[in-house]
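Visitor: Quick one: structure below, then a few questions.
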Amino acid sequence: MNATSLGMPAFPEAAREALGNPTLRGNLRHATHTIRAKRARAVAEVSDWAELREAGKRIKDHTLAHLDRYLEQLEEAVTAAGGTVHWAADAAEANRIVTELVRATGESEVVKVKSMATQEIELNEALEAAGIRAYETDLAELIVQLGEDRPSHILVPAIHRNRGEIRDIFRTEMGRWGRPAPEGLSDDPAELAEAARLHLREKFLRAQVGISGANFMVAETGTLVVVESEGNGRMCLTLPETLISVVGIEKVVPTWRDLEVFLQLLPRSSTAERMNPYTSMWTGTTDGDGPRAFHLVLLDNGRTDTLADEVGRQALRCIRCSACLNVCPVYERAGGHAYGSVYPGPIGAVLSPQLRGTASEIDASLPYASSLCGACYEVCPVAIDIPEVLVRLRERVVEGGPAVRDGNRVVLRPAKGHAAERAAMRAAGWALARPGVLRTGQRLASRTRGFRPRTLPGPGRAWTATRDLPAVPAEPFRDWWLRTRGGKDDAR
């Protein structure tokens with residue numbers, strides 16, 4: 001898995017820089033609190049939300065367990081409907097396929113539907129290197145592109161920008177990419193939206209090639225589905241002569257009946273709407289209607305490696321709703337850029353290290369970018385137990401061990417900088433397995449509690465730099481229990 005930010009420092013260092021930006025923190029706090037409050041109201045309207053959530057989880061788990069069969073069924077259905085299916089093992093292969101398809105049309109411009117998969121593989125950069133210019137048409141993605149920025153949220157990529165910043169970007173950058181912003185453009189949302197509409201309309205009418213992702217793929221008919229709020233995606237999907245869709249292999253669902261569950265879960269969890277304003281579906285090609293050529297690029301890029309992990313594979317259930325980001329106290333304060341991935345927040349902390357591995361400094365630090373409070377699990381519409389996966393990945397970082405990388409079984413070496421942690425955990429395990437040693441240690445800690453330091457020395461300093469050491473009780477629990485017979489003496 002590629003990422004524009006793989007050269008970034010580890011999460012703690014990147015987050016520390018973000019914490020020093022009061023404008024960023026204000027933007028994030030306002031946006032995340034607003035979105036999660038709206039989502040809570042939308043979910044409360046559904047009396048069987050828990051049952052829907054469980055259904056979504058089971059459908060995803062069943063599909064992942066039989067992914068090979070459903071992908072083959074999908075390929076057969078897409079081909080029968082007039083489309084062409086391409087298989088991409090990694091980002092480089094996907095970029096090569098898409099670049100060759102665009103070159104074959106003779107075009108040097110493409111319009112794009114918002115797509116996490118194409119950001120993951122850095123498709124825009126690959127196309128630019130080949131002399132092809134890609135235009136983002138989602139409003140937030142347009143803001144990010146014009147500002148030469150990076151997305152910081154799954155649903156709202158420009159969440160870190162306020163209206164004044166967006167106005168300034170439109171005024172200074174739109175002219176370089178096409179139609180300039182209107183004179184005297186203000187920061188009024190309606191004016192900003194109209195400026196983007198005028199800027200994009202000429203690109204929609206001129207473009208002959210569209211590139212998209214997909215929220216879902218229905219195996220039984222070969223149908224692809226994109227849900228959105230603006231209508232720009234539908235323009236990209238219907239006007240060009242050629243449509244190329246790059247989609248992760250985990251996005252397949254078996255049947256239309258299964259799709260119905262997710263079309264209830266996704267809108268309420270993401271935009272807090274009962275239904276997305278635009279739900280576009282296409283199946284192959286049809287003479288006289290829509291694109292004349294359709295290509296589906298099925299992307300692996302670490303997904304089958306992730307599937308091999310019995311605990312970590314649940315991250316592949318993700319339907320990219322971003323609900324976990326909006327409730328995460330760490331994301332709210334650090335922002336998305338600190339995660340060094342197109343997938344920020346709690347889901348990024350478990351997905352990126354699995355897709356990319358934990359060899360880099362940023363990926364080895366991501367499993368620790370969490371307080372393990374569990375709020376992400378509570379709001380996840382497909383019940384991904386993110387804290388469980390985080391703990392699993394922390395174990396992998398510290399201890400190493402067996403894993404699957406690039407389809408091969410390997411033994412990972414422990415990440416650097418965790419020797420003290422390993423030693424501490426082994427010492428704790430040894431003591432906890434010996435009741436007599438544990439009892440002696442507890443009594444010694446209680447009798448010497450007056451000498452307890454305020455901060456730990458050496459490697460422990462990193463822990464106590466942001467946390468208070470817990471107070472040591474005057475008497476160990478075991479001794480209190482024996483002395484009071486479980487509290488019975490206190491009851492008298």
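The values are calculated or read from the model by the stated rules, or taken from the named source; none is laboratory data. From a predicted model like this one, the values you see are computed outputs, not experimental measurements. No Cβ is skipped: glycine too gets one built from the backbone with ideal geometry, and neighbour counts run over all protein chains shown. All accessible areas refer to the heavy atoms of the entire protein, side chains included, with ligands and DNA or RNA removed. Shrake-Rupley method; radii C 1.70, N 1.55, O 1.52, S 1.80 Å.
Visitor: So, in segment 64-91, how many residues would count as being open to solvent by 70 Å² or more (accessible area, probe 1.4 Å) and among the small types (Gly, Ala, Ser)?
Guide: Selection size over segment 64-91: 2.
Visitor: Search segment 468-485 for residues that are over 24 Å from Pro453 (Cα atoms) and pair each with any residue that is open to solvent by 70 Å² or more (accessible area, probe 1.4 Å) and not in a helix (DSSP H, G or I) when their beta-carbon atoms are under 9 Å apart and the residues are at least 6 apart or on different chains.
Guide: Trp480/Pro473
Visitor: Just to be sure I understand, how many residues within segment 22-60 are open to solvent by 60 Å² or more (accessible area, probe 1.4 Å), in contact (Cβ under 8 Å) with a residue 12 or more places away in the chain and assigned to a loop (DSSP other than H, G, I, E, B)?
Guide: Residues flagged as open to solvent by 60 Å² or more (accessible area, probe 1.4 Å), in contact (Cβ under 8 Å) with a residue 12 or more places away in the chain and assigned to a loop (DSSP other than H, G, I, E, B) within segment 22-60 amount to 1.
Visitor: Being without any contact (Cβ under 8 Å) to a residue 40 or more places away in the chain and among the small types (Gly, Ala, Ser) is the filter here; which residues of segment 360-377 pass it?
Guide: Once the filter is applied, which keeps residues that are without any contact (Cβ under 8 Å) to a residue 40 or more places away in the chain and among the small types (Gly, Ala, Ser), segment 360-377 yields only Gly374.
Visitor: Scan segment 220-234 for residues that are surrounded by fewer than 22 Cβ atoms within 10 Å (Cβ to Cβ) and either free of Cβ contacts under 8 Å to residues at least 40 places away in the same chain or in a helix (DSSP H, G or I) (or both) and jot them down.
Guide: Listed by number, the list holds a single entry, Arg234.
Visitor: Does segment 149-164 contain at least one residue that is open to solvent by less than 40 Å² (accessible area, probe 1.4 Å), in a helix (DSSP H, G or I) and hydrophobic (A, V, I, L, M, F, W, C)?
Guide: No, because not a single residue in segment 149-164 is open to solvent by less than 40 Å² (accessible area, probe 1.4 Å), in a helix (DSSP H, G or I) and hydrophobic (A, V, I, L, M, F, W, C).
Matching residues to (1) more than 29 Å from the chain's Cα centre (by Cα); (2) open to solvent by less than 30 Å² (accessible area, probe 1.4 Å); (3) under 27 Å from Leu298 (Cα atoms):
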| position | (1), (2), (3) |
| --- | --- |
| Pro180 | yes, no, no |
| Asp188 | yes, no, no |
| Glu191 | yes, no, no |
| Leu200 | no, yes, no |
| Ser212 | no, yes, yes |
| Thr242 | no, yes, yes |
| Pro254 | no, yes, yes |
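Visitor: For segment 355-383, which positions are touching a Lys or Arg at 6+ places or on another chain (Cβ under 9 Å) and farther than 18 Å from Lys416 by Cα?
Guide: Leu355, Val379, Cys380, Pro381, Val382, Ala383
Visitor: Same structure, new question: Taking the conditions exactly as written (in contact (Cβ under 8 Å) with a residue 24 or more places away in the chain, touching a helix residue (DSSP H, G or I) at 6+ places or on another chain (Cβ under 6 Å) and more than 25 Å from Leu19 (Cβ to Cβ)), does Val404 satisfy them or not?
Guide: yes
One line per residue, one yes/no per condition, for (1) among the polar types (S, T, N, Q); (2) more than 25 Å from the chain's Cα centre (by Cα); (3) more than 30 Å from Ala272 (Cβ to Cβ):
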{"residue": "Leu19", "(1), (2), (3)": "no, no, no"}
{"residue": "Arg53", "(1), (2), (3)": "no, no, no"}
{"residue": "Glu72", "(1), (2), (3)": "no, yes, yes"}
{"residue": "Glu75", "(1), (2), (3)": "no, yes, yes"}
{"residue": "Val85", "(1), (2), (3)": "no, yes, yes"}
{"residue": "Asn95", "(1), (2), (3)": "yes, no, yes"}
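Visitor: When you scan segment 387-402, do you find a residue that is out of contact with any Pro (no Cβ under 9 Å at 6 or more places or on another chain) and surrounded by fewer than 12 Cβ atoms within 10 Å (Cβ to Cβ), even just one?
Guide: Within segment 387-402 (the criterion being out of contact with any Pro (no Cβ under 9 Å at 6 or more places or on another chain) and surrounded by fewer than 12 Cβ atoms within 10 Å (Cβ to Cβ)), the answer is yes, since at least one residue qualifies.
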